Amino acid sequence: MWSPKITEARKRSTAFPSGTVIERLNEITDEEGMKRIEPRLIDGKRFKVANAYCVGLFRPKMCMTDYLYENLSENEIVAMLAHEMGHLKYRHILKKTLPLIIVFTVASIISILLGLDFAGYIHIHFTWAEGVSLPSPIPLVAPLAIVAALLGSIRAKKGETAADRFALKYSSYEDLAIGLIKAQYLNHVPINYIGGSHPALITRIGKMKKFAEESGSWKKAL
């Protein structure tokens, strides 16, 4: 949700130099009824970071590293940023973090109440079964957090597929696939080695190809 490194990089970001890319992105936002968002270029050359991403729950922003930007064609840039626009369109950031927000909010409330109970300001008594009393349901918090994290990861992977399909409405399969491959292998540390919420690249491209064939955009790409 927030990172000092990402915030610092965004403050030092620059505007996109290509007016054509901005025009094409504005056409997408206008057609989708979305608020126009000007992407920003982030310094990624020093550590060879090739990435595009969106951040922010309430004031979302799209970013792309200059290292990736300089290695993509204009069509590939549009395809990659259209994917990020899909995340914003479907509010994937909020949906991915909401389970964790709920769990840790509940855990915080329980901790506060237990602290007040221990200090003698209030009295809390949890009876889980006849003759069995526990001081709190704290043992449930850790498993719930794990479940929330797993649900968030599953939702995130589905979100990647949905964002890919959104991008294929406004770009060719070929441009999006090549952009993702470049982003994968230009990085000093390949994305798949890092792990996270993204599906395996070969699986992701396979789903994109199938969708492109079914929707007809596959023929346009060829």
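Overview of values
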quantity	calculated
Residue 54, sole failed condition from (1) at pLDDT 90 or above; (2) within 18 Å of residue 165 (Cβ to Cβ); (3) touching an Asp or Glu at 6+ places or on another chain (Cβ under 8 Å)	(1)
Residue that is modelled with the lowest pLDDT, among those in the range 4-24 that are charged (D, E, K, R) and either open to solvent by less than 80 Å² (accessible area, probe 1.4 Å) or touching a strand residue (DSSP E or B) at 6+ places or on another chain (Cβ under 9 Å) (or both)	10
Counted residues, the range 84-141 - those being more than 30 Å from residue 64 (Cβ to Cβ), modelled with pLDDT of 65 or more and surrounded by 11 or more Cβ atoms within 10 Å (Cβ to Cβ)	16
The listed residue being more than 24 Å from residue 159 (Cα to Cα), of a type in the set (Asp, Glu) and either open to solvent by less than 70 Å² (accessible area, probe 1.4 Å) or modelled with pLDDT of 90 or more (or both), out of 74, 27, 31	74
Any hit, the range 99-109, residues being of a type outside the set (Ser, Thr, Tyr) and either in contact with a Gly (Cβ under 6 Å, 6 or more places away or on another chain) or under 17 Å from residue 159 (Cα atoms) (or both)	yes
Exclusive hit being at pLDDT 80 or above, loosely packed, with under 12 Cβ neighbours inside 10 Å and either under 28 Å from residue 46 (Cβ atoms) or not β-branched (Val, Ile, Thr) (or both), set 174, 214	214
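For every residue, the table says whether it meets (1) over 17 Å from residue 75 (Cβ atoms); (2) assigned to a helix (DSSP H, G or I); (3) open to solvent by less than 20 Å² (accessible area, probe 1.4 Å); (4) at pLDDT 95 or above.
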{"site": "162", "(1), (2), (3), (4)": "yes, yes, no, no"}
{"site": "184", "(1), (2), (3), (4)": "yes, yes, yes, no"}
{"site": "189", "(1), (2), (3), (4)": "yes, no, no, no"}
{"site": "193", "(1), (2), (3), (4)": "yes, yes, no, no"}
{"site": "197", "(1), (2), (3), (4)": "yes, no, no, no"}
{"site": "203", "(1), (2), (3), (4)": "yes, yes, no, no"}
{"site": "208", "(1), (2), (3), (4)": "no, yes, yes, no"}
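The values are calculated or read from the model by the stated rules, or taken from the named source; none is laboratory data. Just so we're clear, the structure is a prediction, and the values are computed from it rather than from any experiment. All Cβ positions, glycine included, derive from the backbone under ideal geometry; neighbour counts span all protein chains shown. Protein only, heavy atoms only, side chains kept; ligands, DNA and RNA dropped before computing areas. Shrake-Rupley method; radii C 1.70, N 1.55, O 1.52, S 1.80 Å.
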